[in-house]
Amino acid sequence: MNYEKPTSEVLVVDTSAILSGKQFDDYDVLIITAALIAEELKEGGRDFRRFEYLQAKGLEVHSPTKESLILIKKTATAYGELKRLSVADIHLLALAVDVMRLWEKSVCILSDDYSIQNIASILDIPFLSLSQKGITKKFKWVSRCQGCHTILSESVDACPFCGSPVSHKVQTKESMKKKKR
Ligand SMILES: [Zn+2]
């Protein structure tokens, strides 16, 4: 499989990128991940050994700032992505924001997760996919009651007015170009 190479100074990798077995030998870029992702890997297992191997080769582990975590949570809430992102995903995105804002370096996220890619697009953070095609549209999730059609909060699964099930659908699509840097 051919991978696109990032041309940024820093590459932020998610769990699937770490566990893919990819060596990153031919990448001329600082590779980092969120501390929380490292914590989620079981010590001693194959996944952890893979992580340790990458760490020995220069993978750095960092924790995002509180400010960036708040920004990501706000953005994810506004676009209906909050419940689709794990805490580790939020940390990963916040770390990318820190790299741009505090480290003042160009960044690229390596992740196949569509919700991570969506928030990255919204915040103008370049990303690459590991295997799948990346998203090419920004989207927003909207929850609507299937009975009375009331627009509801994304966190409810049953309508508080009529009790019908709630559907969660993509509402708006905006054209955008896949970010490459
Ligand atoms: Zn209803």
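The values are calculated or read from the model by the stated rules, or taken from the named source; none is laboratory data. Because the structure is a prediction, the values reported are computed rather than measured. Positions of Cβ are backbone-derived with ideal geometry, glycine not excepted, and every protein chain shown enters the neighbour counts. These accessible areas exclude ligands, DNA and RNA; they are computed on the full protein's heavy atoms, side chains included. Shrake-Rupley method; radii C 1.70, N 1.55, O 1.52, S 1.80 Å.
What FRET efficiency do you get for residue 70 and residue 144 if R0 is 30 Å and r is their Cβ-Cβ distance, rounded to the nearest 0.05? Provide the component values of the computation, followed by the final result.
Values: r = 28 Å, r/R0 = 0.94.
Plugging the Cβ-Cβ distance into 1/(1 + (r/R0)^6) gives 0.60.
How many angstrom lie between the C-alpha centres of region 76-121 and region 141-164?
27 Å
Can you work out the PRE-style zone for residue 63? Point 7 Å along Cα to Cβ, and I want the residues of region 28-43 with backbone N under 17 Å.
Only 33-41 pass the distance filter.
Using a 1.4 Å probe on the protein heavy atoms only, what accessible surface does residue 124 show? Give it in Å² to the nearest 10.
About 70 Å², rounded to the nearest 10.
Find the relative contact order for the chain and round it to a whole percent, using C-alpha pairs within less than 8 Å whose residues are 6+ positions apart. Kindly include the intermediate steps, with their values, before the conclusion.
Numbers: 306 pairs, mean separation 38.9, N = 181.
Relative contact order, the chain: 22 percent.
For region 10-134, what is the accessible area per residue in Å² when the probe is 1.4 Å?
Values: 5730 Å² over 125 residues.
In whole numbers, region 10-134 has 46 Å² accessible per residue.
What is the extension gain from residue 47 to residue 5, computed as 0.36 nm multiplied by their sequence separation minus the C-alpha to C-alpha distance, in nm to one decimal? Display every interim value, and only then the final one.
Values: separation 42, 0.36 × 42 = 15.12 nm, distance 2.32 nm.
The span from residue 47 to residue 5 would gain 12.8 nm if fully extended.
Taking Rh as the Kirkwood radius, which is the inverse of the mean 1/r over Cα pairs, what is the Rg/Rh value for the chain?
Numbers: Rg = 17.8 Å, Rh = 17.4 Å.
Reported Rg/Rh, Kirkwood definition of Rh: 1.02.
As a check on your grasp of the helix formula, calculate [θ] at 222 nm for the chain: sum -39500 (n - 2.57) over DSSP H runs of n ≥ 4, divide by the residue count, round to the nearest 500.
After summing the helix terms and dividing by residue count, I get -9500 deg cm²/dmol.
For the pair residue 156 and residue 40, how long in nm is the line joining their label points, each one 7 Å along Cα→Cβ?
Going by the 7 Å Cα→Cβ label model, 3.0 nm.
Take the Cα of residue 123, step 7 Å along the line toward its Cβ, and report every residue of region 7-42 whose backbone nitrogen sits under 20 Å from that point.
7-18, 30-40
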